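Quick note: the coordinates plus some simple rules give every number you see, no bench work behind them. Nothing here was measured: the structure is a model prediction, and the numbers come from that model. Here Cβ is always computed from backbone atoms with ideal geometry, including for glycine, and neighbour counts include all displayed protein chains.
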Amino acid sequence: MRYEIKGNIMTDHRIWNPDFETMPRADLEQLQLERLQSTLNRVYRNVTFYRNRFDQMGIEPADIRSREDLEKIPFTAKEDLRDNYPYGMFALPLREVVRIHSSTGTTGKPTVVGYSANDLDSWSEVVARILTAGGVTRDDVVQIAFGYGLFTGGFGLHYGAERIGASVIPISSGNTKRQLMIMEDYRTTALVCTPSYAMFLTEVIEENRIDPERLALRYGLFGAEPWSEKMRDEIQSKTGIIATDNYGLSEVMGPGVAGECIERAGLHLNEDHFIPEIIDPETGKTLPAGSWGELVLTTVRREAMPLIRYRTRDLTRLYTDECACGRTTIKMEKVRGRTDDMIIFKGVNVYPSQVEQLLFEFEGVTPHYQIVLSRDGALDTMEILVEVNETMFFDEMKKQSNLVQQIGDSIRATLGVTARVKLVEPRSLERFQGKARRVVDEREI
Ligand code: DLL
């Protein structure tokens, strides 16, 4: 085990549950299969939706004897959850359900997620693993700036942190001034929130000339939305913390599906709870190991609401490597975006994350931007508002027009679309306390 001390940050690798996190792969795969079979039996018996699906396909749970057989089962999509609103996907009677959460539901009815007492126990366990991987121990003071409520972020991370025995501050999201006061006074050592909110807090710390050395902050565990390496660099270099990424989604459980260790090289996926697959989002075909595609997850431990082959819409890649931390679980690359985030602009497919990556290559550009799509007559237009730093903003016009030109050229050359680029004042774009909204689509379809 590596043991190194950088400033006041310990960077040794700690593992919450070595029995499962460092299990030899053959044993892990056998365990997954056993758990999968019992999950399939349970949903076949208790969930009409799955029983009908299996019957239509002529499949019985006993037919699924290997990981490959899993591919015979149809996918479950968000629409299936909506069609069975609110409790149709539950595999347990409501009497056994002790918690209900719900996804944000930007369009139509939200999706409902139920947890049994054992599910809450599993949830705390997987989140405890991720917090531990990100550096958190019982000696930490953890400030949870995710919303508490139907959103799974606040409660999910809260119980995981309590399981570790850390001192939890359930501050919830918003009220930045108070967040900073508490961070300073209570000597917060770990911050848990969205990366965009962490960016914003970093900015406010800088503006208020709070010396990061005066804060006790050492770790940041950020998730719930995509973020770039550039954002990580910015947060880490300005605050001196170790910032790790963690991933989850409410339908499947909430946070706790996967998370980076302090190596910050891919997210370890809790494979004894979730079986991941990567498919081609267009054809639904399983892709060869290591390919980029859409992540599909099957839960193998959940009791109240198991999901079989759930299409997450998230774009990533799965791979195994020998991580310095010693975990043997499969890794997931940082999520690039969602298939439904894709902008179709004049027939060209563009992901906001591609634009983001491109912008960050330019000096003077901050990690704040917005893509505005509108329609001028029959013509679609794309405007990219790019926030620049003070130096660039007060620089000569010539430097600014050069930057506009260079960004425009690079977008055309890399993405194949023409966009109008507009530089905007530092701190003029909206900041987010939860998940950031980068695309404004004013086109009427
Ligand atoms: O965002 C659960 C969560 C809370 C995860 C706190 C991590 C921390 P939902 O609101 O249902 O649940 O949104 C799930 O958010 O399908 C992804 O598109 C996106 N997402 C979540 N984590 C990441 C991440 C929570 N680390 C949806 N990177 C998912 C990129 C993420 N996208």
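Neighbour counting of Cβ atoms within 10 Å sorts the residues K346, K177, fewest neighbours leading, into K177, K346.
The label-point distance for D409 and E390, in a model that sets each label 7 Å from Cα toward Cβ, rounds to 3.0 nm. The charge dipole of the chain, taken about its Cα centre with unit charges on the Cβ of Lys, Arg, Asp and Glu (plus for the first two, minus for the last two), comes to roughly 660 debye. Considering every alpha-carbon pair of segment 343-441, the percent of pairs per 10 Å bin, from zero through the bin containing the longest distance, is 15, 50, 30, 5. Each peptide in 338-345, 140-147 was scored by the mean count of other Cβ atoms within 10 Å over its residues; highest first, the order is 140-147, 338-345.
Using a simple spin-label model with pseudo-atoms 7 Å out from Cα toward Cβ, R25 and K346 lie 4.5 nm apart. Each label was represented as a point 7 Å from its Cα along the Cα-to-Cβ direction; for S428 and T283 these points are 4.7 nm apart. Looking at the chain alone, DSSP beta bridges between its own residues are antiparallel in about 65 percent of cases.
Counting other beta carbons within 10 Å of each Cβ, put Y247, Y148 in order, fewest first. Before the final figure, lay out each step's value.
On the way: Y247 24, Y148 15.
Lowest count first: Y148, Y247.
The residue list P367, A117, C193 was ranked by how far each Cα lies along the charge dipole of the chain toward its positive end, using unit charges on Cβ atoms, and A117 comes out on top. For segment 181-242, would you read off the P(r) tail past 19 Å as a percentage of all alpha carbon pairs? When all Cα pairs of segment 181-242 are counted, 20 percent exceed 19 Å.
Kirkwood hydrodynamic radius, the chain, all distinct C-alpha pairs: what's the number in Å? Don't jump to the answer; show the numbers that get you there.
Values: mean 1/r = 0.0432 Å⁻¹.
Kirkwood hydrodynamic radius for the chain: 23.1 Å.
About its Cα centre, the dipole of segment 343-441 is roughly 280 debye, where the only charges are +1 on Lys and Arg Cβ and -1 on Asp and Glu Cβ.
Looking at segment 343-441 alone, DSSP beta bridges between its own residues are antiparallel in about 60 percent of cases.
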